[in-house]
Structure formats: structure tokens, C-alpha cells
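Here the structure is laid out as C-alpha cells; the discussion comes afterwards.
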């Protein structure tokens, strides 16, 4: 038994005996704080249960009547429930926070990997096939990074047909979503945040970000819809914006493709 466990057991015993003497709110709150302390000290439920039963047994041994046994037992139930409720609430919040940090670190690593791949000089985006490969890489990474239900990237190629890549469970209304996203982005070419686009095939709106040329003119769009199990968070939307910016920069940096291509392409 380590020092942390011993200190916790001693604190639990003192708090429980104070609660037996007076079950007023301050002593009840002490049980709540012990539950929080258990999580902070990396103690498990078994440690908490052991501390409780040790002091409960010690108090029951001193009981001199059946009524006293009942009073101590009921008080023990109340005290333990207070401690357990705090323990579970704090542990759950701590676990969720730790998972969120791990997820952000994972997203950071993947974004760096995507940036490296997009910066590869071998991506000759002036060739149609290479542009499709770049966009396919982008949408696949976007789905994985944001846990999206689907993602699409579209680049308008002047008078030619647009280049589109999709990943995930792409809905049948994808062309309509892309048109609406491009139209919304064209209204305000300075916007850098996501725009939301109604998608008749799924209950959630699509989140879209502009793909832009170096001069800021929108020449494409990156759009995604969250999976049914989890809506997009602010972090997910920020990741989409970042991916859109990296994609725009990579295509422009590679060959100046957008400046050479005639403007005015549309779906």
C-alpha cells in the first residue's frame, strides 16, 4: 500500500466519523471532495471501496445497539454514494478530456503528414490525373481527421468539366451540395470560415470551405457532412478550414495551375 492510498484512507476515516457525528452539508460535501481526490490521486474504485469498508467496519464494531448499527449503516450508504457520484463524474470528465487531447495530437500528426504529402514536388497538378489524385488524398484524409460521413473536393477547371473527388458514404445529391457551396462562397470571397449547406439526403448540413487561388478568387470547394454518430465540433470545422487552406496553397505552389487555367468554369 503506497503513501497516497494510506493518506486517502486516513482522510476518508476522519471525514466519515465527522459525518456520523453531524450529517450537515459541510460534512456531506467532504465525501464529494474525497471522490474528487480519489481521481486526482489515480486511485481506483477498489481503493475507494476498501477505505469505506475499513472505517465502516471499525464504527460498526463500536456500536452498542441494533439501532446504532442501522444508523451507522445508513450513514455509510449516504456517504459512499456522495463519494462515488463525485468519483464517477470527475473520472468521466477526466477521461473525456484525456481522449480529446489524444485526438487533437493525432489530428496534428495527420495534418503534418498531409502537409508533407501536399508539398511533394512530384504532384504535377497541371495534369488532370494528378489533380484528381491530390483531391482524392485530401478528401480521404479529411474523412479520417474529422470522422465525417462523407467528404468531397471540387476544383472548377475553366471551361472544362470540374474535377471532383469523394470519400465516405457519398450522398446522391453531391452535385447539388457542391453547387450550393460554390454559390455561397462566391457571395463573400473574403470569408475564411465554414459555410453550411443544406443536404436533402441526410439530416445534417454540409460544412464547406473555399479552395482559392493566390489572389483569393474561389476556384473550388471542400465539403463534408458529419457522421450520424457524432456532429462536427468547432475543432473539426477548424481542421476542415486548415485542410482547405493547405490544399489551395499546395496546388498553387506546385505549378501556378489556377493562374494558367481560364476562369469561369462551373458545374
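Numbers at a glance
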read-out	value
Those residues of the stretch 63-80 which are part of a loop (DSSP other than H, G, I, E, B) and either surrounded by 13 or more Cβ atoms within 10 Å (Cβ to Cβ) or at pLDDT below 90 (or both), in sequence order	63, 64
Single condition residue 39 does not satisfy, out of (1) under 18 Å from residue 86 (Cα atoms); (2) at pLDDT 85 or above; (3) crowded, with 17+ Cβ neighbours inside 10 Å	(2)
Among residues of the stretch 146-158, those that are more than 11 Å from residue 170 (Cβ to Cβ), modelled with pLDDT of 85 or more and surrounded by fewer than 24 Cβ atoms within 10 Å (Cβ to Cβ), counted	1
Contacts under 6 angstrom Cβ, first residue in the stretch 135-147 being assigned by TED's automatic domain parsing to the domain that holds residue 162, partner in a helix (DSSP H, G or I) and buried (at least 19 other Cβ atoms within 10 Å of the Cβ), 6 or more apart	138/247; 141/114; 142/243; 145/239; 146/236; 146/239
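For (1) surrounded by 18 or more Cβ atoms within 10 Å (Cβ to Cβ); (2) assigned by TED's automatic domain parsing to the domain that holds residue 79; (3) modelled with pLDDT of 90 or more; (4) out of contact with any strand residue (DSSP E or B) (no Cβ under 7 Å at 6 or more places or on another chain), each residue gets a yes or a no:
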{"position": "7", "(1), (2), (3), (4)": "no, yes, yes, yes"}
{"position": "13", "(1), (2), (3), (4)": "no, yes, yes, yes"}
{"position": "24", "(1), (2), (3), (4)": "no, yes, no, yes"}
{"position": "55", "(1), (2), (3), (4)": "yes, yes, yes, yes"}
{"position": "61", "(1), (2), (3), (4)": "no, yes, yes, yes"}
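The values are calculated or read from the model by the stated rules, or taken from the named source; none is laboratory data. Because the structure is a prediction, the values reported are computed rather than measured. Ideal geometry is used to build each Cβ from the backbone, glycine not excepted, and the neighbour counts take in all protein chains shown.
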